[in-house]
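Visitor: Pasting in a structure now, in structure tokens, and then I'll have a few things to ask.
The values are calculated or read from the model by the stated rules, or taken from the named source; none is laboratory data. Source: prediction; values computed, not measured. Cβ placement follows ideal geometry from the backbone for every residue including glycine, while neighbour counts extend to all protein chains displayed. The area values use the complete protein model at the heavy-atom level, side chains included, leaving out ligands, DNA and RNA. Shrake-Rupley method; radii C 1.70, N 1.55, O 1.52, S 1.80 Å.
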Amino acid sequence: RACDQLRCTACDFRVSLFNDYIWDQSCDYLFFRNNMPELSKLRAKMIKKKGARAYACQCSWRSIDELTDLQTQQQLRWVCGKH
């Protein structure tokens, strides 16, 4: 089970998640900085992939297709935003 209330302590944005999508390899910091949280703009770099999940805030992004412990991802500043 994954937290659906993640918040980034670096950019202070809520982390958006998109089921059955991954991010295109061409994604970069400026893409997310300029387009978050506009789904219509983000779709340009989303690729459909069954069972995967794309996460992004304004400064970081990840595509996950298997169980992953975020504590091992030291560069991420994502924490539970409380339920």
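Visitor: Can you send over the carbon and sulfur percentage of the accessible area for the chain, probe radius 1.4 Å, protein chains only?
Guide: 46 percent
Visitor: Right, another one. Got a sec to turn the phi values of the range 36-53 into Karplus ³J(HN,Hα) couplings, 6.51 cos²θ - 1.76 cosθ + 1.60 with θ = phi - 60°, whole Hz, x for Gly and Pro?
Guide: So the Karplus estimates, Gly and Pro as x, are 6, x, 6, 4, 4, 7, 5, 4, 4, 10, 9, 10, 5, 8, 4, x, 9, 8 Hz.
Visitor: Express in Å², to the nearest 10, the accessible area of TRP23 obtained by rolling a 1.4 Å probe over the protein heavy atoms while all chains stay in place.
Guide: Number for this one is 20 Å².
Visitor: Something else: Run through the range 15-83 and list the trypsin sites (Lys or Arg not before Pro) located in a DSSP loop whose Cβ has at most 10 other Cβ atoms within 10 Å.
Guide: Here the sparse-neighbourhood loop sites are LYS82.
Visitor: Another one. Between GLU66 and GLN25, what is the spin-label point distance in nm, taking each point 7 Å from the Cα along the Cα→C-beta axis?
Guide: 1.9 nm
Visitor: Just to be sure I follow: if Rg is taken over the C-alpha atoms of the chain and Rh is the Kirkwood radius over the same atoms, what is Rg/Rh?
Guide: Ratio of gyration radius to Kirkwood radius for the chain: 0.93.
Visitor: A further question on this structure: Report, in whole Å, the centroid distance computed from the Cα atoms of the range 1-19 and the range 49-67.
Guide: If we compute the Cα centre of each part, the gap is 10 Å.
Visitor: Provide the per residue accessible area, probe 1.4 Å, for the range 6-63, rounded to a whole number of square angstrom.
Guide: So the range 6-63 comes to 59 Å² accessible per residue, rounded to a whole number.
Visitor: At 0.36 nm per residue, and after removing the present C-alpha to C-alpha distance, how many nm does the segment from THR9 to CYS80 gain when stretched out fully?
Guide: This chain segment gains 24.5 nm when fully extended.
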